[in-house]
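**Q** Have a look at this one.
The values are calculated or read from the model by the stated rules, or taken from the named source; none is laboratory data. Here the structure is a predicted model, which means the values were calculated and not measured. Glycine gets a Cβ as well: all are built from the backbone with ideal geometry, and neighbour counts include every protein chain shown. Note: areas computed on protein heavy atoms with side chains; ligands, DNA, RNA excluded. Shrake-Rupley method; radii C 1.70, N 1.55, O 1.52, S 1.80 Å.
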Amino acid sequence: MSIALEIKNLHASIGEQPILKGIDLLVKQGEIHALMGPNGSGKSTLAYTLAGHPAYEPTAGQVIFGGEDLLEMEADERSRAGLFLAFQYPAAVPGVTLAKFLRQTINSRRQAENPEDKGISIPAFRRLLTEKMDMLGIDHKFAGRYLNEGFSGGEKKRVEILQMATVEPKIAIMDETDSGLDIDALRIVSEGAMRLYREMNMGALVITHYQRILDYIKPDYVHIMMDGRIVESGGPDLALKLEEHGYDWLREKHGVVEEA
Amino acid sequence: MTTFTKDAVEKLSASLNEPAWMLEFRLKAFEIYEATPMPTTKDEAWRRTNLRQLNFDEFGPSINGDAATDAVIPSYLGEQLTTDKAGGNLLQIDGVTKKYNLSDELKAQGVIFCDMHEAVAQHPDLIKQYFMTKGVQVTEGKFAALHGAFWCGGTFLYVPKNVKADAPMHSVLWSENGRTFTHTLAVVETGAEAILMDEYASAEGEVPGLHNGVIELLVGDNASLVYAGLQDFGQNVWQFNHERGRVGRDGKLDWVTSIMGTRLTKAFQTLELDQQGAWGRMSGIFFTNGRQHLDMDTEQIHNAGDTVSDLLYKGALKEKSRVVWQGMIKALPGSQRIDGFQANRNLMLDKTARADSIPGLEIEADDVRCTHASAVGKLDEEELFYLMSRGIPRKTAVEMSVQGFFDPLMRRIPYEGIQERIFGRIVEKIG
Ligand SMILES: Nc1ncnc2c1ncn2[C@@H]1O[C@H](COP(=O)(O)OP(=O)(O)OP(=O)(O)O)[C@@H](O)[C@H]1O
Ligand SMILES: [Mg+2]
């Protein structure tokens, strides 16, 4: 069954500070949406709010995911329901190896379905991990390293996509996965992500500042966010227009004052 | 009830059929015990541990023969640690041996691994030479003297010159009657190598119990010992320990301590690097909850130059438990080019718990590198969110995060089975 992420008039605050000021967006499985916008416009805030970070408080509006009220779910339930966020700044988890962590992400899914489940067998997990790591060009020795601890910026981004490949979500949000990746890595990771989208019929919300990643991950729709709102939506050409003209024409058009 | 009297010393020694020299040793220790006042919070080392609630004489010694023969002990205790190599296994209940084996290979190499009473009977020369002579002294304090007088049961390991015992020795001391005075003595001669896993445990009980133990680890020149002392007594037990490791020229002592149990533990742990090139590492893993009180005094003593000591103690604290760690690095005059490190990191799982970290340096040489660090932290919410965002429920995320905190130290325990078991206990304690 195909599901969708449906965001209706979403408002959210960090502490007392309203950041999201009414977001409307519909992302269906099989669709790729790009989300662009100047620094500080609220893109990551949208991502965190959807993922259920406790510091981001939805104050109005609704988010429906696969027919359920997403905002009522805990962060882990959202993930198990099929929503995935590839973080702009992934946290380090000292003392927990990448392999142990990935195995737990699989086992938590299985045990949520069936509390008696003993978890994935070690050989089956090894096979799966090797296959996914090879697809994304990740050295196998990363499996034994503590998660994100001392990883370079680009290594963290690859590992985010490795996680996506492991949990196989229905809808993924990729928050600036392209930043920090070198030119070859950008291609490998984008192609890997694209293959997953196609194979799994995933939906995606790709947050980025640059056209580059969109050469590999071809969006069906492009949205521009400014000051906590989506101010413009269009096709792939909108991203090209931004690349050429920047944001000023949009600021003028929508009367947004540039922040100091 | 028999309590700590001279008469009780004689009775204990007689029940063990000990030679006269050991009785003499005990009686001397008893004299010192009697002459030493009970420590109070006015003594520097006891400032943070109050024994007022301890009705000491009520415990009395553990006289041989009162060990329950049908004690129910967890099945994993006393098992062989590796499937490929047979080493030695020794299981004692209240200091009385219940199960024992040592591989023919190790026997042929001259390795001695047996209970302490067997060692007194069979290897008197070694015991006279090493028992509370080079490691812990009966004069070190009230509880060291008490132990000298009333010690009962424990483990003796002797590895002769240049013998590399590649299979582990596993010793388990289970307490059923709640009174144990076990003694561990490991002697690893020049060029020899050994691994000793030493477990202390009992079931939860209602009546207060006592463990008064001594651990002596003597590592010769060019020798190496990996020692893990793993304690998981019930929370009815009061524990008073004196422990000392000594390392000879270019020797290595890798010393891991795990503390999960007891109502109260006061442990003195000293590492002495006696000769050039000696290396010692002390790793501490502890988790306290309820009203547990854990007070550790550690010392890293550099008696020679070009020696390295590295101490890292990590603990998690819950509820109203309290942990005190007081560490000291000492360098004697002339101990040049030494490298000493000490750190204590505590993870506070509840606001009501309390931890005190008191690092210290007494350095009388000038060309030294000594550093210390201590830190308290809480669970990292960003880390937990990250784990949860991948579908891991909060409870599991907390368990992973706490396990992660201990993981680098846990890896220093050479057996995965034991690591898993301690991780299991940690998860149980997180609740
Ligand atoms: N923890 C916080 N406390 C206060 N303000 C915050 C916090 N996190 C974000 N903000 C503010 O919210 C606004 C939106 O930030 P957000 O990270 O969502 O922007 P973004 O669109 O992702 O920017 P970028 O393109 O630089 O990643 C910014 O003004 C930022 O300073
Ligand atoms: Mg951002």
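**Q** I'm trying to understand the selection: among the residues of segment A:42-54, which are within 8 Å of chain B (Cβ to nearest Cβ) and either within 13 Å of ligand 2 (Cβ to nearest atom) or buried (at least 21 other Cβ atoms within 10 Å of the Cβ) (or both)?
**A** Passing the criteria: A:A51, A:G52, A:H53.
**Q** When you go through A:Y146, A:Y210 one by one, which is the residue that is open to solvent by 40 Å² or more (accessible area, probe 1.4 Å), within 16 Å of ligand 1 (Cβ to nearest atom) and touching a helix residue (DSSP H, G or I) at 6+ places or on another chain (Cβ under 9 Å)?
**A** Of A:Y146, A:Y210, the one residue that is open to solvent by 40 Å² or more (accessible area, probe 1.4 Å), within 16 Å of ligand 1 (Cβ to nearest atom) and touching a helix residue (DSSP H, G or I) at 6+ places or on another chain (Cβ under 9 Å) is A:Y210.
**Q** Let me ask something additional. Scan A:K28, A:K21, A:K8 and give me the residue that is within 16 Å of ligand 1 (Cβ to nearest atom), among the basic types (K, R) and either away from chain B (no Cβ under 14 Å) or touching a Leu at 6+ places or on another chain (Cβ under 8 Å) (or both).
**A** Sole residue among the options that is within 16 Å of ligand 1 (Cβ to nearest atom), among the basic types (K, R) and either away from chain B (no Cβ under 14 Å) or touching a Leu at 6+ places or on another chain (Cβ under 8 Å) (or both): A:K21.
**Q** Applying the selection to segment A:134-148, what residues are in contact (Cβ under 8 Å) with a residue 12 or more places away in the chain, in a helix (DSSP H, G or I) and either farther than 18 Å from A:Q104 by Cα or more than 14 Å from chain B (Cβ to nearest Cβ) (or both)?
**A** Listed by number, the residues that qualify are A:M135, A:F142, A:A143.
**Q** Of all strands (runs of 3 or more DSSP E) completely enclosed by segment B:294-404, which ones contain at least 2 residues that are within 14 Å of chain A (Cβ to nearest Cβ)?
**A** Correct list: B:308-317, B:338-348, B:368-377.
**Q** For segment A:68-83, give me each residue that is open to solvent by 40 Å² or more (accessible area, probe 1.4 Å) and within 14 Å of chain B (Cβ to nearest Cβ).
**A** The answer is A:E74, A:E77, A:R80.
**Q** Would you confirm, using the coordinates I've provided, whether A:T130 is among the polar types (S, T, N, Q) and touching a residue at least 24 places away in the same chain (Cβ under 8 Å)?
**A** Taking the combined requirement at face value, the residue does not satisfy it.
**Q** Can I ask one more? Does A:E176 meet the test of being open to solvent by 10 Å² or more (accessible area, probe 1.4 Å) and within 16 Å of A:L46 (Cβ to Cβ)?
**A** Here the answer is yes, as A:E176 does meet what is asked.
**Q** Out of the residues in segment A:84-105 meeting the condition of being more than 9 Å from chain B (Cβ to nearest Cβ) and aliphatic (A, V, I, L, M), tell me which one is surrounded by the fewest Cβ atoms within 10 Å (Cβ to Cβ).
**A** Going through the qualifying residues, I end up with A:A99.
**Q** Can I ask one more? Output the residue which, of all residues in segment A:149-168 that are within 11 Å of chain B (Cβ to nearest Cβ) and open to solvent by less than 10 Å² (accessible area, probe 1.4 Å), is nearest to ligand 1 (Cβ to nearest atom).
**A** Here the residue is A:E160.
**Q** Give segment B:315-327 a look and list any residue that's surrounded by fewer than 21 Cβ atoms within 10 Å (Cβ to Cβ) and within 20 Å of B:Q300 (Cα to Cα), or say none.
**A** Passing the criteria: B:V324, B:Q326.
**Q** Of the residues A:A47, A:A55, which single one is under 14 Å from A:A204 (Cβ atoms) and within 11 Å of ligand 1 (Cβ to nearest atom)?
**A** A:A47
**Q** Which residue out of A:L181, A:L186, A:L196 is over 20 Å from B:Y386 (Cα atoms), more than 13 Å from every other protein chain (Cβ to nearest Cβ), touching a helix residue (DSSP H, G or I) at 6+ places or on another chain (Cβ under 7 Å) and within 16 Å of ligand 1 (Cβ to nearest atom)?
**A** When all the criteria are applied, what remains is A:L181.
**Q** Could you tell me which numbered condition B:Y415 fails, if it satisfies all but one of (1) in contact with a Leu (Cβ under 6 Å, 6 or more places away or on another chain); (2) surrounded by fewer than 16 Cβ atoms within 10 Å (Cβ to Cβ); (3) within 12 Å of another protein chain (Cβ to nearest Cβ)?
**A** Among (1) in contact with a Leu (Cβ under 6 Å, 6 or more places away or on another chain); (2) surrounded by fewer than 16 Cβ atoms within 10 Å (Cβ to Cβ); (3) within 12 Å of another protein chain (Cβ to nearest Cβ), B:Y415 violates only (3).
**Q** For segment B:174-200, name all the residues that are among the aliphatic types (A, V, I, L, M), in a strand (DSSP E or B) and more than 12 Å from the chain's Cα centre (by Cα).
**A** B:A186, B:V187, B:V188, B:A194, B:I195
**Q** For A:I122, all conditions in the list (1) without any contact (Cβ under 8 Å) to a residue 24 or more places away in the chain; (2) closer than 25 Å to B:E382 by Cα hold save one; what is the number of the exception?
**A** Among (1) without any contact (Cβ under 8 Å) to a residue 24 or more places away in the chain; (2) closer than 25 Å to B:E382 by Cα, A:I122 violates only (2).
**Q** Among the residues that make up segment A:55-67, is at least one of them facing chain B (nearest Cβ under 10 Å), modelled with pLDDT of 95 or more and buried (at least 18 other Cβ atoms within 10 Å of the Cβ)?
**A** No, segment A:55-67 contains no residue that is facing chain B (nearest Cβ under 10 Å), modelled with pLDDT of 95 or more and buried (at least 18 other Cβ atoms within 10 Å of the Cβ).
**Q** Filter segment A:95-113 down to the residues that are among the charged types (D, E, K, R) and touching a helix residue (DSSP H, G or I) at 6+ places or on another chain (Cβ under 6 Å) and list them by number.
**A** Passing the criteria: A:R103, A:R109.
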